[in-house]
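Note sheet for the following structure.
FYI, it's all coordinate maths here, none of it is from the lab. What you are looking at is a predicted structure, and each value in this text was computed from that prediction instead of being measured. Using ideal geometry, Cβ is built from the backbone for each residue, glycine included, and neighbour counts are taken over all protein chains shown.
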Amino acid sequence: MFKHIRDLREDNDFKQSDIASRLGINQPQYQLYESGKRQIPVDILIQLSQIYNVSVDYLLDLTNSRNAVIPTVNPNARKALTYFNRLSEENQDIILGEMVKLHREQEEKTHKKKDIG
């Protein structure tokens, strides 16, 4: 299913165990991702994009362009994504709702400070 991921690994003369080790997972787990038998968590996709210097869209076979801009993800965002992906869909919805709420509150405070100043 993820032809680009396999091709990148083979083009770089890596074994599945090499990539799995860099990702901090075991080879059978990585094989499930590469074969498309298991969904690849966002944090793993980001790590793969950094290893191969390609976009996540390329890894997901959504584009054939390797050179798309790869956003930098700070360590806190990466950690948040890791935990977020481990949550149930229901809990992910709750977290997203809270994030939107916090963002709106922050924006309101920012606008109030501008109005006062």
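For the charge dipole of the chain, defined by +1 on Lys and Arg C-beta atoms and -1 on Asp and Glu C-beta atoms about the Cα centroid, which residue among Q106, Q92, L8 has the Cα displaced farthest towards the positive pole?
After comparing all options, I get Q106.
Dipole of the range 3-59, Cα-centred, from +1 at each Lys and Arg C-beta and -1 at each Asp and Glu C-beta, to the nearest 20 debye?
220
Where nothing but the Cβ of Lys and Arg (+1) and of Asp and Glu (-1) is charged, how large is the charge dipole of the chain around its Cα centre, in debye to the nearest 20?
Approximately 280 debye in magnitude.
Using volume of the Cα convex hull per residue in Å³ as the read-out, say which of [x] 99; [y] 133; [z] 175 was calculated from these coordinates.
The value computed from this structure is option [y].
Order of Y52, Y83 from fewest to most other C-beta atoms within 10 Å?
Going from sparsest to densest Cβ surroundings: Y83, Y52.
Going highest first, how would you order 87-96, 8-17 by mean Cβ packing within 10 Å?
In descending order of packing, they fall as 8-17, 87-96.
Could you list which residues have their amide H under 5 Å from that of F2, counting only those 5 or more apart in sequence or on another chain, with H placed in the peptide plane?
G36
By a straight-distance test (C-alpha under 27 Å), which lysines pair with K37 as possible cross-link partners, with residues fewer than eight away in the same chain excluded?
K3, K15, K79
Less than 23 Å apart at the alpha-carbon level, and either on another chain or at least 8 residues along: which lysines does that give for K112?
K101
Sort 60-66, 32-38 by packing, meaning the average of other beta carbons within 10 Å per residue, with the highest value first.
Numbers: 60-66: 12.4, 32-38: 14.9.
Ranked from most to least packed, the peptides come out as 32-38, 60-66.
Please compute the modelled spin-label separation between N76 and N12, points set 7 Å along Cα→Cβ, answer in nm with one decimal.
Going from the N12 label point to the N76 one covers 2.9 nm.
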